[in-house]
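Have a look at the structure below before the remarks.
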Amino acid sequence: MRTLSRVLPFALLLMPLLAQTPPASTSSPAPAGPVQLTAAEDHQRILDLLHITELRPGVNQSGKEPAVNYDEAKANPWPNLPDPLKLNNGKPVKTAKVWWAQRRPQLVELFDREFVGRVPANLPAVRWEVVSTTPGTDGGIATITKKLIGHVDNSAYPFITVNIEVSLTIPADAPKPVPVVLEITFENYPPPPGRPAPPPPPPPAGPTWKQQVLARGWGYALFYPTTLQADNGAGLTQGIIGLANHGQPRKLDDWGALRAWAWGTSRLMDYFETDKDIDTHHVALEGHSRFGKTALVAMAYDPRFAVAYINSSGAGGATLARRHFGEQQENSAGVGAYHWFAGNYLRYAEQAPKVITPADLPVDMHEMIALCAPRPVFIGGGTREGGDGWADVRGTFMAEVAAGPVYKLLGARDLGTTEFPPVGTALITGDLGFRQHPGGHTPLPDFPTFLTFASRYMGRPAPRPSSPGN
């Protein structure tokens, strides 16, 4: 009894302290997985944030209203473009020093906020792994192909795994290091849900673009963008964008897929800088269609790329937004494409409660081309008759002309003309290049011209074929 009487008072003293200790069941909840939204739901969420009740519908190629315009007489309702050489306060930019210190940062800020979106701070690191090295031949040239995986660190949010896939092929017998053409590729591109994969294009009559590159003693890399970020709005809480946001939906000025894919090409450049086989001073970018838009963004934002080939990039690419020909801003702002851009981009297709048009954009695409200056950019595409009217190749030529003054200010050469050239005419004597081929929506017919253009900046002697006829 004496022992019990000693224990009870001590236990009574502990009771208030025990009462203050929370039970295990009231601890902080475990982190949740990514938010699941359809593209339509996320698109509507952005419209609600912008207080938009109605967007203008995109134009139609089928003849339904609003029908696409292919009449050049109606193509320029907003002829006055913003001046890339005028500061936000209206003062002119007269020196390269003012361009680099003031005007270029102003344009980057405008594109970040209103167009492609901002890259988040403190993004996770990418660890590159060479998973295989395979010898081969192509066009009679011995090759070595490396399969690369870029593992994105997801330790801060393990619910999302991102592994970037890349294929790198170099000529085995060429002097090292070799220049490289980096294609943001449609190879292995996943078809939209519920649709079969499109049939492969017919083989070219002559050497493939890859064989043309190898014949110059260069290598090529294939960057598979959808392994980094899905090409749909439902994927915005997944991929690198979702990983950066810990599975939450985007803010209005967060980056879209174009900027994310471009970020991925920059991380690949990081790997190239560790590979003694690669001449990182001579890496060219190439992209077609939506990946032409991506290549332009990557070239504008990463000065390590030496030269770019932008093909048939259309609205939101190298074509002027202040054009009413082919694909329109309204098409890019729709459910099928809005994820390429920042949420703020949608406001320029607003119909209600206010009418806001591309003329209200504080920038236009000639200024995105100007962000590449003085590095060389070649732009191509097909004809309306050949099937590429949607991309408005004339509008890309006009954008190049309007970017010319920035190139000249920085000591580079512009297109050398303001007159739209006849089909098949190559303008490649300056640091801005252009050619419209007679075909459709494909980059292949202009590849030989691009390689001739690019060889002024990254040319190397061609290797001898090791196995003629293969």
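The values are calculated or read from the model by the stated rules, or taken from the named source; none is laboratory data. Here the structure is a predicted model, which means the values were calculated and not measured. Using ideal geometry, Cβ is built from the backbone for each residue, glycine included, and neighbour counts are taken over all protein chains shown. Just so you know, the surface numbers come from the protein's heavy atoms only, side chains and all, with ligands and any DNA or RNA stripped out. Shrake-Rupley method; radii C 1.70, N 1.55, O 1.52, S 1.80 Å.
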Taking a probe of 1.4 Å, how large is the accessible area per residue of the chain, in Å²? 45 Å²
Given the C-alpha atoms of the chain, compute the convex hull and give its volume per residue in Å³. 224 Å³
Cα centroid distance between the stretch 348-425 and the stretch 59-104, in Å? 8 Å
When the expected Rg is taken as 2.2 N^0.38 Å, what fraction or multiple of it is the alpha-carbon Rg of the stretch 332-470? 1.29
Mind checking the angle between helix 2-20 and the chain's longest principal axis? C-alpha axes, 0 to 90 degrees, to the nearest 10. 30 degrees
What FRET efficiency would be calculated for the residue pair Lys94, Ser455, taking the C-beta separation as r and a Förster radius of 51 Å, to the nearest 0.05? 0.90
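Pulled fully out, how much extra length does the chain show between Gln36 and Asn188, if you take 0.36 nm times their separation in residues and subtract their Cα-Cα distance?
Extra length from Gln36 to Asn188 when fully extended: 52.2 nm.
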For the stretch 184-298, build the convex hull from the C-alpha positions and give me its volume per residue in Å³. 122 Å³
Rounded to the nearest 10 degrees, the helix 447-458 long axis (Cα) sits at an angle to the longest Cα principal axis of the chain of 80 degrees
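Work out how much length Glu419 to Lys64 would gain on full extension: take 0.36 nm times their residue separation and subtract the Cα-Cα distance, in nm to one decimal.
Numbers: separation 355, 0.36 × 355 = 127.80 nm, distance 3.30 nm.
So the chain would gain 124.5 nm between Glu419 and Lys64.
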Percent of Cα-Cα pairs more than 18 Å apart in the stretch 277-372, please. 48 percent
On full extension of the chain, what length is gained from Gln44 through Asp153, given 0.36 nm per residue of separation minus the C-alpha to C-alpha distance? 36.1 nm
Long-range amide H contacts for Ile278: which residues qualify at under 5 Å (H placed 1.01 Å from N, peptide plane, sequence gap of 5 or more or a different chain)? Val178
Value at 222 nm in deg cm²/dmol, rounded to 500, when DSSP H runs of n ≥ 4 in the chain each add -39,500 (n - 2.57): -8000 deg cm²/dmol
Taking protein heavy atoms only, a 1.4 Å probe, and rounding to whole percent, the accessible area of the chain owed to carbon and sulfur comes out at 57 percent
Relative to the longest principal axis of the C-alpha atoms of the chain, give the angle of the C-alpha long axis of helix 104-114, reported between 0 and 90° and rounded to the nearest 10°. 60 degrees
dims of the stretch 384-458, Cα set, principal axes, largest to smallest, nearest Å -> 37, 26, 17
